[in-house]
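The next block holds one structure in the form of structure tokens; read it before the comments.
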Amino acid sequence: MSTMEDLRLSRSDNNKNWKIWGPYLSERQWGTVREDYSPEGGNTWNFINHDLARSYAYRWGEDGIGGFCDADQILCLAPVFWNGKDSILKERLYGLTNNEGNHGEDVKELYFHLDSSPTHSYCKFLYKYPQEAFPYLDLLEKNKRDRLSPEYEILDTGLFDNNKYFDCYIEYAKAGINDILMKVTVYNRCTEAATIHVLPHLWFRNFWKHNSRFTKPEITSFADNCLKTSSSRNGHFYFYHQGGEQLFCDNETNTQRIFHQPNESVFVKDGINNYVVNKEKTINTKKVGTKSAIWLKGKIAGGESKVFTVRLSSNKLDKPWDDFEEIFEKRKAETDQYFEKLSPKKLSDDNKGLLRSAVGGLLWTKQFYYLDVFKWLFGEPGDEPPARSFKRNFDWQHLTCRNIISMPDKWEYPWFAAWDLAFHAATFVHVDPFFAKQQLLLMLREYYMHPNGQIPAYEWNFSDVNPPVHAWGVWYVYETDKKKTGIPDWDFLERSFQKLLMNFTWWVNQKDSNGTDIFEGGFLGLDNIGVFDRNHMPPGIKKLQQADATSWMAMYAINMLHISLELAQHNKAYEESAAKFFRHFLNIGWAMHHIGQKDISLWDEEDAFYYDAIQFENGTSQRMRVRSLVGIIPLLAVEIMQSSMFDKLREFNARLQIIKSTRPDLTRIISDIDKKNKDGKYLFAIMIGDRLEHLLKRLLDEDEFLSDYGIRSLSKHHQENPFVFSYHGREYRIQYEPGESSSDMFGGNSNWRGPIWLPLNYLIINALRKYHEYYGDAYTYEFPARSGNKLTLKQIANELTKRLLKIFKKNDAGKFQYHADDQPQWSDPHFNEHHLFFEFFHGDTGQGLGASHQTGWTALLANLLLEMDEE
């Protein structure tokens, strides 16, 4: 039975109708590549920093705290706070840059993405605001510490001791497509009365300065309790408020402050800030501008709360407040109904709450992402090109982004990352299948994908190489959607496949330099997992033959095979593609065991593990005996094919027989493709026979990869036995580091040398379920290794899921396991009910590390909860 939210969703594809407005505002626009106009072209973090952001009119987007905007980000709405003691208004979240933090960039605020319906008809956000002056300088100075020290966080400052803070709940409800209600409920958690200033801001993104097609919009005072916006791009909107002072300035750069040049506008972007905080005459008393605010304030008794409300509507409303609470209650009830339907009945209440938090957080990661690389490099038509000595992304001049895209983390990573996006889509398909498909197709559009077939990585370097998981994402989304609806979306699958063909060819041409089906890859998203930077080999080393890059490509080939076979069911022309990818899969599997003239294998028989191999300039090769996820990734190259898929594919079957008869050595290197199980299913996998058993022994060994909280990225064996590679008088070392990285490789804000990462854990669990689909209950393995406790592969997948979920359970201290031991505040009732979704987790304790709001791929928890119940 469809809910009201389902009906809204069905009418709101491509960010239309009920999805026109949403939480699409970035949480950090400053310190991004797209806003970097520094002369050196590489001073991204310093050109516009947090301090300058209040005075600088952004070129490519806007930011705020818990903000809303339309899908083209013409008009923006967000609350701003002031405790009467801060030196600036709290307009945006504060954090340290990559150079300032001892573990890279890091937000230093407390906030939570609490809830959202798929169409954002209801949304909820929590910001915790100290009542004393915000410790900007203290956080900066005390984080000047070495990489081995823990980060100095906002809770370490003592500002939240004695509950001297406000809980600011920001809620949105839609009365209609262009009728947005905002309610800010502020709780004083202290026992003493305190005053809060709430300034709901309404402003236009500055689109007129850089595009002569658009006239300058304006916001005016329409009445004592209403503002009016006027724009050629979105018509008129009315901003209703109750009480407060109307403030106006322009969203124009304060060039006097930033560049020491005269201002072009009298009332510049920081005018409202300077008027409220510094009592300067910096607002337009004629009540007109492109940026506005309503200055509301209230003294709240200890333990009490106060509500502040505004309403933005494209309609003139005689009585904007009569139905205000009724609309909120209705949208909240409809959101409850939607999530009740989504949640499997077997889930506990805690897990239902976790599922809702993960999905809500993922929905909050949507962001209006705008960047035209050609204009960024060469300026606007008729303008002088920006003076840059370093022209970043010069080879991507075709790339033009102006879309709502799911971000990894809207503060720490407020830019799309192609391989993250495939995982985001895998969760989005459960709540908004159209958006999931649209995200995957977007990266394959001609204005994103490079003409040579490469998928853009991320704005720091679109040419970087990430694991090729896009085909996996496409197949997962297609299959999940087909299962939910009973209708195959051939159009989506076919469109994706045609572009993925180009990308696969790019990989073969660019990353298999010898034409031997052994892939190099370089960066591959796993950052510092290698002994050295895999993009830059030490002198004398010709190349690194990567077990993970090659395995990713085997996985890519088998995903493309599955898609080809599916498409061939309704178009026989795809049989030829299926035969092509079947051969690719065989070739890659064979090549992993026959490298070069000496027939070296990436599989080490003695260690029963896959390793990278380096090839020296003199032609010799050597395995790098590091037990990391690199050697586990071959497990992921697995698909189950139903025998009925082959019944009517005569051409494919004929080609299959030719390969089997002419190259039996190829078909023996992978699973036996002649054997189907009792259910008529075939297994296509690299890991076969005793290799699978040997690999599982390591994977499920608590002294190696298996943690109480999931699968580690590096074996614990290397804690006492670090891998050391001595070469040309230099030592390259890898040691088990379960927490933050001691290396600054790749910026130093992530670590693949021990911690637990959700996306790889999810793929491992997903693979084990597929193996079980073929082997059934007949095959059992010890879990944990050497325990004598034998489980089926499906049971092992469930046990791994349970270990991951333990991270999000409350421990004996009354706080979630991912919280730090030395921060007792997380046990407080006002702290311990809301989830954070970290980037990765400590390999031994489960403590959350890295980005703290990465509901992007950490939202895969939702998939785990949904799939664990499918037993």
Test: residue 846 is out of contact with any strand residue (DSSP E or B) (no Cβ under 6 Å at 6 or more places or on another chain) and open to solvent by less than 20 Å² (accessible area, probe 1.4 Å): yes
Test: residue in region 789-796 that is more than 18 Å from residue 709 (Cβ to Cβ), open to solvent by less than 10 Å² (accessible area, probe 1.4 Å) and in contact with a Leu (Cβ under 7 Å, 6 or more places away or on another chain): yes
Any hit, region 202-224, residues being of a type in the set (Val, Ile, Thr), crowded, with 20+ Cβ neighbours inside 10 Å and under 25 Å from residue 116 (Cβ atoms): no
Only one of 22, 41, 31 that is open to solvent by less than 10 Å² (accessible area, probe 1.4 Å) and modelled with pLDDT under 95: 41
Output for region 364-391, where each listed residue is crowded, with 19+ Cβ neighbours inside 10 Å and in a loop (DSSP other than H, G, I, E, B): 365
Single residue of region 714-733 satisfying the filter (modelled with pLDDT of 90 or more and either in contact with a helix residue (DSSP H, G or I) (Cβ under 6 Å, 6 or more places away or on another chain) or outside any loop (DSSP other than H, G, I, E, B) (or both)) that is most open to solvent (accessible area, probe 1.4 Å): 720
When residues of region 509-536 are limited to those that are among the β-branched types (Val, Ile, Thr) and either modelled with pLDDT of 70 or more or not in a loop (DSSP other than H, G, I, E, B) (or both), the one farthest from residue 726 (Cα to Cα): 529
From the options 791, 804, residue that is assigned to a helix (DSSP H, G or I), in contact with a strand residue (DSSP E or B) (Cβ under 8 Å, 6 or more places away or on another chain), at pLDDT 95 or above and more than 30 Å from residue 161 (Cα to Cα): 804
Looking only at region 751-774, and only at residues there that are touching a strand residue (DSSP E or B) at 6+ places or on another chain (Cβ under 8 Å) and hydroxyl-bearing (Ser, Thr, Tyr), the one that is most open to solvent (accessible area, probe 1.4 Å): 774
Residue list for region 688-711, restricted to those being closer than 16 Å to residue 756 by Cα and open to solvent by less than 10 Å² (accessible area, probe 1.4 Å): 699, 700, 705, 706, 707, 710, 711
Only listed residue being farther than 21 Å from residue 763 by Cβ and in contact with a Leu (Cβ under 6 Å, 6 or more places away or on another chain), chosen from 393, 351: 351
Leading residue by the ranking (most open to solvent (accessible area, probe 1.4 Å)) among those in region 173-196 that are among the β-branched types (Val, Ile, Thr) and not in a loop (DSSP other than H, G, I, E, B): 195
Near pairs, Cβ below 8 angstrom, 6+ apart or cross-chain, from region 24-42 (within 16 Å of residue 253 (Cα to Cα) and acidic (Asp, Glu)) to any residue that is open to solvent by 10 Å² or more (accessible area, probe 1.4 Å) and not in a loop (DSSP other than H, G, I, E, B): 35/47; 36/47
Filtered residues of region 161-172 (kept if open to solvent by less than 10 Å² (accessible area, probe 1.4 Å) and farther than 28 Å from residue 320 by Cα): 165
Single unsatisfied condition, residue 478 versus (1) under 27 Å from residue 579 (Cα atoms); (2) out of contact with any helix residue (DSSP H, G or I) (no Cβ under 7 Å at 6 or more places or on another chain); (3) hydroxyl-bearing (Ser, Thr, Tyr): (2)
Condition check for residue 356: farther than 28 Å from residue 856 by Cβ and either in contact with a helix residue (DSSP H, G or I) (Cβ under 7 Å, 6 or more places away or on another chain) or part of a strand (DSSP E or B) (or both): no
Pair list, Cβ < 7 Å and 6+ apart or interchain, from region 454-470 residues that are within 22 Å of residue 555 (Cα to Cα) to residues that are open to solvent by less than 10 Å² (accessible area, probe 1.4 Å) and of a type in the set (Ser, Thr, Tyr): 456/448; 468/556
Residue ranges of strands (runs of 3 or more DSSP E) in region 580-652 with at least 2 members at pLDDT below 90: 612-616, 621-624
Region 1-19: number of residues that are under 25 Å from residue 441 (Cα atoms), open to solvent by 50 Å² or more (accessible area, probe 1.4 Å) and not small (Gly, Ala, Ser): 6
Residue 321 of a type in the set (Phe, Trp, Tyr) and touching a helix residue (DSSP H, G or I) at 6+ places or on another chain (Cβ under 8 Å): no
Residues satisfying the stated conditions in region 326-335, i.e. closer than 29 Å to residue 219 by Cα and open to solvent by 60 Å² or more (accessible area, probe 1.4 Å): 326
Condition broken by residue 563, with the remaining ones in (1) modelled with pLDDT of 85 or more; (2) surrounded by fewer than 22 Cβ atoms within 10 Å (Cβ to Cβ) satisfied: (2)
Cβ pairs under 6 Å, 6+ apart, first in region 318-343 and over 16 Å from residue 115 (Cα atoms), second outside any loop (DSSP other than H, G, I, E, B) and hydroxyl-bearing (Ser, Thr, Tyr): 320/240
Unique residue being of a type in the set (S, T, N, Q) and in contact with a Ser or Thr (Cβ under 9 Å, 6 or more places away or on another chain) when the list is 644, 713: 713
Residue within region 119-129 that is open to solvent by 10 Å² or more (accessible area, probe 1.4 Å) and within 19 Å of the chain's Cα centre (by Cα) present: no
Number of the condition not met by residue 799 [criteria: (1) within 21 Å of residue 715 (Cβ to Cβ); (2) within 25 Å of the chain's Cα centre (by Cα)]: (2)
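The values are calculated or read from the model by the stated rules, or taken from the named source; none is laboratory data. The model shown is predicted, which means the values in this text are computed figures rather than measured ones. Every residue, glycine as well, gets a Cβ built from its backbone with ideal geometry; the counts of neighbours run over all protein chains shown. Heads up: the accessible areas ignore ligands, DNA and RNA and are worked out on the full protein's heavy atoms, side chains in. Shrake-Rupley method; radii C 1.70, N 1.55, O 1.52, S 1.80 Å.
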